[in-house]
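Notes to accompany the following structure.
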Amino acid sequence: MSIDFNSLSPPDIIESLDFETIFSERKAALIALFSSDEVDQITETLERESEPLTKFLEENAYRELILRNRINTSARALLLAYATKNDLDQVGANFNVSRLTIKPADTSKTPPIAAIMESDDAFRERIQLAFDTLSVAGPEAAYKKFARDADGRVGDVSVVSPQPAYITLTILQADSLTGTASPELIQIVENAVTAEDVRPIGDRVTVQSVEIVEYSIEAKLYIDKDPEAATLLQQAISNITAYATKQKRIGRSIHLSAIYAALHVDGVRRVELESPLSDVVLTQAQASYCNNLTVTIGGIE
């Protein structure tokens, strides 16, 4: 099972930075360079914000803040949990895992259309699964990794064994509107996971598309007397859209409590949810697709 990065404490190598702390340290270090009979005078001088020496120290402290933040950024770039873009590609290379292409570039167009590459989050998940493929004894994580490696369009995979020696892989297609996998993609994944050097000799493997369960979110927000109603509504819609997108994975149910939490932003007195009316509970062969999202201001209370 992959480690949940959110459960880890922040790495000690990443410093907490504060300008005032750095400035105070630089000021104290400067004062310490003077003789005892000069300390009071230089201390009084540095208390004046208009003093050129104070300005110089402030600029110096700010430059140190920038440098230390750059060091923090460089340290994060080496860690799987934090690395992004090209830095994540380099981390993946350490595990012999490369980023997949979802849609190749089209240089025949004017201007040329760039390739659509695997997202950082999806790539990071595959890197985590790298060691699971060292065994071909048929563990769940290994099947997931081989399926994900087969094609960049594989957005999610579930692996279940309904009975001994029978394996069912369910896949979700990342670039499909609903998530339904095409016959072509199913065949590509099947070829990958049934290869002689991948599939244990006794396993009977079936690859299928995820079953899509459609639902809609329709809600009215009743708010305080606030001239920023448009901003409030925009935030609520942004929150609920992010939730629906996050849950578009295999086996991730849609819970009313989470919908209410996403819509109940500051300034909302109550939420009247018209759809869904109950939790959308999914199996490991199903994924959700929000076919309609309508959030409006119902009134002021």
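The values are calculated or read from the model by the stated rules, or taken from the named source; none is laboratory data. Note that the structure is a prediction, hence the values are computed from the model and not measured. When we count neighbours, we look across all protein chains shown, and the Cβ atoms used for this are built from the backbone with ideal geometry, even at glycine.
Determine whether the stretch 237-259 contains at least one residue that is in a strand (DSSP E or B), touching a Ser or Thr at 6+ places or on another chain (Cβ under 9 Å) and among the aliphatic types (A, V, I, L, M).
Yes, that holds for at least one residue.
Select from the stretch 64-94 the residues that are within 17 Å of the chain's Cα centre (by Cα) and not hydrophobic (A, V, I, L, M, F, W, C) and list them in ascending order.
Hits for the stretch 64-94 are ARG76, TYR82, THR84, LYS85, ASN86, ASP87, ASP89, GLY92.
In this structure, does VAL207 turn out to be touching a residue at least 60 places away in the same chain (Cβ under 8 Å), within 24 Å of SER176 (Cα to Cα) and of a type outside the set (Phe, Trp, Tyr)?
So VAL207 passes the test.
Just give me the residues in the stretch 261-300 being at pLDDT 95 or above and of a type in the set (Gly, Ala, Ser), in sequence order.
Residues satisfying the conditions are ALA261, ALA262, SER275, SER278, ALA285, ALA287, SER288.
Please find, among ALA219, ALA230, the residue that is closer than 28 Å to LEU256 by Cβ and part of a strand (DSSP E or B).
The unique qualifying residue is ALA219.
Checking ILE223 against (1) modelled with pLDDT of 95 or more; (2) touching a Lys or Arg at 6+ places or on another chain (Cβ under 7 Å), which test does it fail?
In the conditions (1) modelled with pLDDT of 95 or more; (2) touching a Lys or Arg at 6+ places or on another chain (Cβ under 7 Å), ILE223 misses (1) alone.
I need the full set of residues from the stretch 182-204 which are farther than 18 Å from ASP149 by Cα and either free of Cβ contacts under 8 Å to residues at least 24 places away in the same chain or in contact with a His (Cβ under 6 Å, 6 or more places away or on another chain) (or both), in order please.
Correct list: ILE201 only.
Take the stretch 113-127 and flag every residue that is outside any helix (DSSP H, G or I) and surrounded by 19 or more Cβ atoms within 10 Å (Cβ to Cβ).
Residue satisfying the conditions is GLU118 alone.
Looking only at the stretch 181-188, decide whether some residue is aliphatic (A, V, I, L, M), in a loop (DSSP other than H, G, I, E, B) and buried (at least 18 other Cβ atoms within 10 Å of the Cβ).
Yes, the stretch 181-188 contains at least one residue that is aliphatic (A, V, I, L, M), in a loop (DSSP other than H, G, I, E, B) and buried (at least 18 other Cβ atoms within 10 Å of the Cβ).
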